[in-house]
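The values are calculated or read from the model by the stated rules, or taken from the named source; none is laboratory data. These figures come from a predicted structure and were not determined experimentally. Don't worry about glycine lacking a Cβ; one is built from the backbone with ideal geometry, like all the others, and counts go over all protein chains shown.
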Amino acid sequence: RKEVEQDPGPFNVPEGATVAFNCTYSNSASQSFFWYRQDCRKEPKLLMSVYSSGNEDGRFTAQLNRASQYISLLIRDSKLSDSATYLCVVNGDDSSYKLIFGSGTRLLVRP
Amino acid sequence: EPEVTQTPSHQVTQMGQEVILRCVPISNHLYFYWYRQILGQKVEFLVSFYNNEISEKSEIFDDQFSVERPDGSNFTLKIRSTKLEDSAMYFCASSVFTVTDTQYFGPGTRLTVL
């Protein structure tokens, strides 16, 4: 089983659409969970951390289900500028600083 | 807003040559990292560094690789004898301290080995 697994997409949606990405991770000892965004040939940039209680930042909502080892990201009212690859990221375990990246889900928002 | 910076942005080298990639982490951060991303693949962890020591490394980080913090601001990755398969984007990152702290990434150095 892959350490962090994501649907590669691409998700092709119109502006204004709501889109959801899912991710599963294999190590139940992981303690930190993130969504990063990566534009083509650029560095990963933190979109949001993910907490057990769920958290929201503007149009973005992240959820974590530790029992199922499942992380989600919901983007509402998609903008053209949301087009990017969204990376699901977890840390190695409760003592590890290593980040483990998924392969990413590509989002294309069309006019 | 403080940023991680990296130089050079692009490095071209011949197979077997040594390269040094440079990074300036965010000034109050204590943990430093190197990751790499081969074109079309996922980002992979190489090494983490704290208090002038390697704290964790991956299987990729073999004897050909080394890291150093030569002064109070720079953090370097050296590849002693480059191979074709070392061609990748190399990202430096830094974080404040704890395991749950966000890691902030630099813009990367694209290494091309010919």
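Structure notes:
- Inclusion of B:Y33 among residues that are surrounded by 20 or more Cβ atoms within 10 Å (Cβ to Cβ) and of a type outside the set (A, V, I, L, M) is warranted.
- Of all positions in segment B:62-85, none carries a residue that is free of Cβ contacts under 8 Å to residues at least 60 places away in the same chain, outside any strand (DSSP E or B), within 12 Å of chain A (Cβ to nearest Cβ) and not hydroxyl-bearing (S, T, Y).
- Residues of segment A:11-49 satisfying the condition of being among the charged types (D, E, K, R) and within 14 Å of A:V89 (Cβ to Cβ): A:R37, A:E43, A:K45
- Residues in segment B:62-75 that are farther than 19 Å from B:F105 by Cα and not polar (S, T, N, Q): B:D62, B:D63, B:F65, B:P70, B:D71.
- Within segment B:27-54, the set of residues being under 14 Å from the mean Cα position of the chain (by Cα) and assigned to a loop (DSSP other than H, G, I, E, B) comprises B:I38, B:V43.
- Scan of segment A:67-79 for residues that are in a loop (DSSP other than H, G, I, E, B) and either surrounded by 13 or more Cβ atoms within 10 Å (Cβ to Cβ) or within 14 Å of another protein chain (Cβ to nearest Cβ) (or both), ordered by number: A:Q69, A:R76, A:S78
- Tally of residues being farther than 14 Å from A:F101 by Cβ, more than 9 Å from every other protein chain (Cβ to nearest Cβ) and not β-branched (V, I, T) across segment B:40-56: 4
Residues checked against (1) outside any strand (DSSP E or B); (2) at pLDDT 95 or above; (3) loosely packed, with under 15 Cβ neighbours inside 10 Å; (4) at positive phi:
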| position | (1), (2), (3), (4) |
| --- | --- |
| A:V13 | no, yes, no, no |
| A:G16 | yes, yes, yes, yes |
| A:C23 | no, yes, no, no |
| A:S28 | yes, no, yes, no |
| A:W35 | no, yes, no, no |
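- Residue within segment B:23-31 that is under 27 Å from A:C40 (Cα atoms), within 12 Å of chain A (Cβ to nearest Cβ) and modelled with pLDDT of 95 or more present: yes
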